[in-house]
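The values are calculated or read from the model by the stated rules, or taken from the named source; none is laboratory data. Please read these numbers as outputs of a predicted model, since none were measured by experiment. Here the Cβ is made from the backbone with ideal geometry for all residues, glycine too, and neighbour counts use every protein chain on show.
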Amino acid sequence: MTYFAHPSAVIDEGCRIGVGTKIWHFSHISSDCIIGENCIIGQNVYIAPGAVLGNNVKIQNNVSLYTGVTCEDDVFLGPSMVFTNVINPRSAIVRKNEFLPTIIRKGASIGANATLVCGNEIGTYAFVGAGAVVTKEVKPFALVYGNPAVQHGWIGAYGHPLHFNENNEAICPESGQKYKLVDNSIIKLSSI
């Protein structure tokens, strides 16, 4: 076995799990899901058939990833954050063929207890604050929070708010990366 799974975890046949991934207590990994390398799957996590995780994804405790959820590399999912998969669920009406995809792009972070309404994309390195309710697309590098979530600024790849000068340029205080704000979008001028 090239990954670690706690003895209490349930790993169904037919799933793909990458090298170096760790799966902790009471988690359930369903068949036909894909988990990349070096992921951390916290306690009591459910990953449904068809869900896809890139490499180095960190999922904290009590998160369920339903069919249609895709997380690219380096995504962080905070404790007890919530994905949905149907806009108008009803117990007596089967809507399994109405699941809407949710995509979390590379490096994005979703805070504890946030809720993501299905059918939306969270942009590269976006940051969704704790308890936010996301009802629409989130731009790359956007900092959003609240209910409903609204954008309150921009954030760099290292997770620090970006403060722009008169030339609409900002520098990350930790990495030294440079960013430029152009037409309400972020352009990274230097890479890590």
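A Cβ distance below 6 Å, combined with a sequence gap of six or more or placement on separate chains, defines the contacts here; from the stretch 56-81, residues that are farther than 12 Å from ALA114 by Cα and acidic (Asp, Glu) reach no residue that is modelled with pLDDT of 95 or more and in a strand (DSSP E or B). Condition test on ILE87, is it within 24 Å of ALA157 (Cα to Cα) and over 11 Å from the mean Cα position of the chain (by Cα)? Answer is no for this residue. Taken over the stretch 122-138, the residue count meeting the criterion of being part of a loop (DSSP other than H, G, I, E, B), among the hydrophobic types (A, V, I, L, M, F, W, C) and surrounded by 17 or more Cβ atoms within 10 Å (Cβ to Cβ) is 2. Please work out if ILE34 is under 21 Å from ILE110 (Cβ atoms), crowded, with 18+ Cβ neighbours inside 10 Å and modelled with pLDDT of 95 or more. Considered against the rule, which asks whether it is under 21 Å from ILE110 (Cβ atoms), crowded, with 18+ Cβ neighbours inside 10 Å and modelled with pLDDT of 95 or more, ILE34 comes out as no. With respect to (1) touching a residue at least 24 places away in the same chain (Cβ under 8 Å); (2) part of a loop (DSSP other than H, G, I, E, B), the lone exception for TYR179 is condition (2).
In the stretch 11-33, which residues are among the hydrophobic types (A, V, I, L, M, F, W, C), outside any strand (DSSP E or B) and under 18 Å from the mean Cα position of the chain (by Cα)?
Hit for the stretch 11-33 is CYS33, nothing else.
Do the conditions hold for THR70, that is, is it more than 12 Å from the chain's Cα centre (by Cα), under 21 Å from GLU137 (Cα atoms), among the polar types (S, T, N, Q) and at pLDDT 95 or above? Taking the combined requirement at face value, the residue does not satisfy it. If you filter the stretch 91-120 down to residues that are of a type outside the set (A, V, I, L, M, F, W, C), outside any loop (DSSP other than H, G, I, E, B) and at pLDDT 95 or above, you find that the one that is nearest to ASN147 (Cα to Cα) is THR115.
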